[in-house]
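Here the structure is laid out as structure tokens; the discussion comes afterwards.
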Amino acid sequence: MDREKVRLQKYLSEYGVASRRAAERMIAEGRVMVNGSVVDAMGVKVDPAQDQIFVDGKRIETRPQLRYLLLFKPVGYICSVHDDRRRRTVLDLLEGINERVYPVGRLDYDTSGLLLLTNDGEMTNQLLHPSHQVEKTYLAQVTGIPASHDLQRLREGIMLADGMTAPAKARIQSVRQGNAVIELQIHEGRNRQVRRMMDAIGHPVQRLRRTAVAFLRLEGLQPGQWRDLTAEEVARLKQL
């Protein structure tokens, strides 16, 4: 019956294949088959109890155990499942993880810090949706020392090539050898946003680390290390 069917991208998300947005890209790229036929259009519905669904030639059969990981991403890794240029990915750091997990958002190749990974597609969608305004905290070592009016520009929003940023929280945390370390809190997720914001006020980033996502911190982890979220942490994330 049609009421038992779900949209293909939702099925792929719920079964831990990818976030719903990433699943839509997989479908558009022709990587998904249903009952032997390639599906490359949105809107197709499937019956998980009856239909045979394959992604990249591998059948999706059972709902996986949900995993929620917090990783201290080092510089020099990309937030992707694989890379055509054969660069190291964050999945290379997850020794002992049998479930197929995916990054929640991205950190640049040359940015370190807190990264969440999960196979819970619905949670990924919720955390990335702009309406939920999940706050992310960064420490940016920049060239020079921003003046108070520069910090105020960050707090009010800065016009970038892709539009005005939302107001940020910004303060100078420390000064080292004539260069400042800025603590910046934002809730958007644009490409290289922090670096572009600092460029816009004339203080390019030398080093960047994400230190927090919402209430989660990096305490107890060294670069390259990870841990499972606690049940309480998962529940709090879902409440966001």
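Quick note: the coordinates plus some simple rules give every number you see, no bench work behind them. Remember, predicted model here, so these are calculated numbers, not experimental data. Every residue, glycine among them, receives a Cβ derived from its backbone with ideal geometry; neighbour counts consider all protein chains shown.
Some observations on this one:
- Per DSSP, loop GluC sites (Glu not before Pro) in the stretch 139-240 with at most 10 further Cβ within 10 Å: E219
- The chain - mean residue ellipticity at 222 nm from DSSP helices (-39,500 (n - 2.57) per run, n ≥ 4, rounded to 500): -5500 deg cm²/dmol
- Rounded if a/c under 1.5, otherwise prolate or oblate - the stretch 110-149, Cα gyration tensor axes: oblate
- Each part reduced to its alpha carbon centroid, the stretch 55-112 and the stretch 176-218 end up 23 Å apart.
- When the stretch 180-240 is described by a simple charge dipole with +1 on each Lys and Arg Cβ and -1 on each Asp and Glu Cβ, the residue from Q222, A200, I186 located farthest towards its positive end is A200.
- Whether the stretch 185-240 is rounded, prolate or oblate, judged on the alpha carbon gyration tensor where a/c under 1.5 counts as rounded: oblate
- Counting only Cβ charges, +1 for Lys and Arg and -1 for Asp and Glu, the dipole size of the stretch 99-181 around its Cα centre is about 360 debye.
- Non-local lysine pairs in the chain, meaning eight or more places apart or on different chains, with alpha-carbon distances under 29 Å, amount to 17.
- Between M42 and V75, the FRET efficiency from the beta-carbon distance, with R0 = 45 Å, is close to 0.75.
- Cα gyration tensor category, rounded, prolate or oblate, for the stretch 2-59 with a/c compared to 1.5: rounded
- Listed candidates (i) 16.9, 55; (ii) 17.7, 50; (iii) 20.0, 69 - label of the one calculated as Rg and Dmax of the Cα atoms in Å: (iii)
- Between Y11, V39, F54, the Cα set farthest toward the positive side of the dipole of the stretch 2-59 (charges on each charged residue's Cβ, about the Cα centre) is that of Y11.
- Dipole check for the stretch 135-213: with +1 at the C-beta of Lys and Arg, -1 at the C-beta of Asp and Glu, and the Cα centre as origin, the magnitude is about 260 Debye.
- Check: the chain dipole with +1 on Lys, Arg Cβ and -1 on Asp, Glu Cβ, in debye: 520
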